[in-house]
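Chemist: This is the structure, below, for whatever I ask next.
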Amino acid sequence: MVSYETIREWSLRFGRTYAKTLEQRRPQPGDKWFLDEVFVRIRGRLHYLWRAVDQHENVLDVLVQSRRNTKAAKRFFRKLLKGLCYVPRVIVTDKLGSYGAAKREILRSVEPRQSQYLNNRCEVPHQPTRRRERHMRRFKSVRHAQQFLSIHSPIHNHFQLRRHRLSASEYRAAREHAFATWRDATGAASCNSLDRLGGSAHANFVH
């Protein structure tokens, strides 16, 4: 019998490896970034989930923080640049002043655009997080939220096939390709992880 706790433990052990493997295989992200933040309540305290997506609605990175001031915005910008290793052409944000102050210090050469409506592209990727949050009966801690979302986002990107822009045959082909890549990535990652666990663990897993 496989319990929910078993699945949770295996997710914690292998989820980050799967997500990193898929990130390495994804195409180059777009050069137009949409940034937004949404509140999440963790143990009764208000926190903010910062999220960045490109023009194709692929999630670039997420960060859970207790503030949304200039210091928090700069920290998010640095995390984005470190993970992606390139500078965007345009960043689109809402009218939160923290974005402008952080951009002047870190992304001076990037074209800024601020609008309540242009940033709607970043609102859609918040929806899977809200669904998972309700299903999990809220996150238990900041660490738990950050860990789950940093794993969930790359995997969700991989299976987000933009069905409304594909014909039925194109969608089936894209879905088959996505699952083939998933099987290849998770199979290689599992073998590498099991090798690190040692021979006895590998034998137990196979049986």
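Chemist: Explain nothing, just the number: dipole magnitude of region 29-160 about its Cα centre with +1 on each Lys and Arg Cβ and -1 on each Asp and Glu Cβ, in debye rounded to the nearest 20. Don't skip to the answer; put the middle values down first.
Modeler: Details: 28 positive and 11 negative charges, 156 e Å.
Dipole magnitude for region 29-160 comes out near 740 debye.
Chemist: Taking the dipole about the Cα centre of region 23-78, with the C-beta of Lys and Arg at +1 and of Asp and Glu at -1, give me whichever of LEU60, PRO27, ALA72 is farthest to the positive side.
Modeler: In region 23-78, that residue is ALA72.
Chemist: Separate question: Determine which lysines satisfy two conditions relative to LYS103: a Cα distance under 21 Å, and not lying fewer than 8 residues away in the same chain.
Modeler: LYS103 reaches LYS32, LYS71, LYS74, LYS79, LYS82, LYS95.
Chemist: Just want the ordering: TRP10, TRP50, TRP182, TRP33, from fewest to most Cβ atoms lying within 10 Å of their own Cβ. Walk me through the numbers on the way to the answer.
Modeler: Numbers: TRP10 12, TRP50 21, TRP182 17, TRP33 25.
The most exposed by this proxy come first: TRP10, TRP182, TRP50, TRP33.
Chemist: Right, something else. Based on other C-beta atoms within 10 Å, arrange GLU37, GLU5 from fewest to most. Display every interim value, and only then the final one.
Modeler: Values: GLU37 24, GLU5 8.
Taking fewest neighbouring Cβ atoms as first place, the list is GLU5, GLU37.
Chemist: I've got another one for you. Residue by residue through region 84-92, which ³J(HN,Hα) values in whole Hz follow from phi under the Karplus form 6.51 cos²θ - 1.76 cosθ + 1.60 (θ = phi - 60°), with glycine and proline marked x?
Modeler: Whole-Hz 3J(HN,Hα) from phi for region 84-92: 9, 6, 7, 9, x, 7, 9, 10, 10.
Chemist: Among TYR18, TYR48, TYR99, which comes first, second and so on when ranked by fewest other beta-carbon atoms within 10 Å?
Modeler: Numbers: TYR18 21, TYR48 18, TYR99 25.
In increasing order of surrounding Cβ atoms, one gets TYR48, TYR18, TYR99.
Each reported figure results from applying straightforward, stated rules to the coordinates on display, with no laboratory input. Note that the coordinates shown come from a computational prediction; the quantities given were computed from them, not determined experimentally. Cβ coordinates were reconstructed from backbone atoms using ideal geometry, including for glycine residues, and neighbour counts include every protein chain displayed.
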